[in-house]
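Everything on this sheet refers to the single structure shown next.
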Amino acid sequence: RAAPVTVEFDGVVTAVQDDFDLLPDLATGSPFSGFYSYDDSLPGGLCPPGIGGISGGGGQLPIEACAQYDSGATEGGIEFTIDGQQFIFENSESPAQPLLITIVDSDSDAYRVQWSRTGSLPPEDNVVLALVGDAGTLVPSTDLVVPDFAGAILASLIYSARSTPSDQRLVIDPVTGLPMIVEFGGERSSITGEIISLRVVPEPSASLLLVMFGLLLGGLRSR
């Protein structure tokens with residue numbers, strides 16, 4: 001049965017670049033909070049070639065497993081708030097690449113959540129939440145699981161808006177082994193933040209729902 005999953009996060013802004021004046025009044029040190037949501041029945045598949053390896057001195061190290069989950073649905077998305085400013089990215093937007101979750105089990109674990117507005121390369125709007133940890137400390141498997149935040153060595157949230165690079169290249173991130181676009185020149189607005197907490201919002205238990213139903217029924221009978 002498909003079940004909605006909501007993951008909340010908190011953090012602090014570590015860098016702001018605002019060439020387009022799209023992010024007024026935002027500064028480093030500002031706290032932020034937000035969440036992303038999806039359903040836990042997303043079909044997973046093997047990562048495309050070139051994704052998942054962790055770069056080392058001798059090149060790409062072998063990976064044990066890598067899986068991607070493409071929500072491909074109209075529900076869910078990611079949003080966050082900084083100093084009262086809301087940034088909302090919903091799967092129902094068009095054109096958009098709904099949440100893509102990538103889980104890597106290797107010499108280092110990696111967990112990545114990405115939303116992007118399609119139609120241009122690099123995307124006009126791009127949001128990436130990424131966690132990296134030692135092997136076996138962050139993700140127990142490549143099933144669609146929420147990572148153990150206590151095992152994260154690096155945890156970041158990056159938002160880029162309306163990038164207009166004069167030159168761009170697709171390279172492999174040396175930390176996560178995931179593809180990333182490196183821009184040379186051009187202008188952009190972006191926010192970089194450090195994630196300091198991440199947690200699943202618990203669903204009401206069956207027993208709690210029964211208690212609530214009983215209270216509601218009792219209230220109706222007393223009228």
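Residue-wise test of (1) part of a strand (DSSP E or B); (2) surrounded by fewer than 19 Cβ atoms within 10 Å (Cβ to Cβ); (3) among the acidic types (D, E); (4) modelled with pLDDT of 85 or more.
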site: G72; (1), (2), (3), (4): no, yes, no, no
site: T81; (1), (2), (3), (4): yes, yes, no, yes
site: E93; (1), (2), (3), (4): no, yes, yes, no
site: R112; (1), (2), (3), (4): yes, no, no, yes
site: W115; (1), (2), (3), (4): yes, no, no, yes
site: T142; (1), (2), (3), (4): no, no, no, no
site: R162; (1), (2), (3), (4): yes, yes, no, no
site: P174; (1), (2), (3), (4): no, yes, no, no
Being outside any strand (DSSP E or B), touching a Phe, Trp or Tyr at 6+ places or on another chain (Cβ under 9 Å) and either open to solvent by 40 Å² or more (accessible area, probe 1.4 Å) or at pLDDT 85 or above (or both), is that true of even one residue in segment 121-134?
no
Within segment 16-45, residues out of contact with any Lys or Arg (no Cβ under 8 Å at 6 or more places or on another chain), over 22 Å from I195 (Cα atoms) and either surrounded by 15 or more Cβ atoms within 10 Å (Cβ to Cβ) or modelled with pLDDT of 80 or more (or both) come out as D39, D40, L42, P43, G44, G45
Filter segment 46-62 for residues that are closer than 15 Å to T142 by Cβ and at pLDDT 60 or above; the one that is surrounded by the most Cβ atoms within 10 Å (Cβ to Cβ) is C47
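The values are calculated or read from the model by the stated rules, or taken from the named source; none is laboratory data. None of these values were measured; they are calculated from a predicted model. A quick note on method: Cβ atoms are made from the backbone with ideal geometry, for glycine too, and the neighbour counts reach across all protein chains shown. When the accessible area is computed, the model is the full protein with side chains, heavy atoms only, and any ligands, DNA or RNA have been set aside. Shrake-Rupley method; radii C 1.70, N 1.55, O 1.52, S 1.80 Å.
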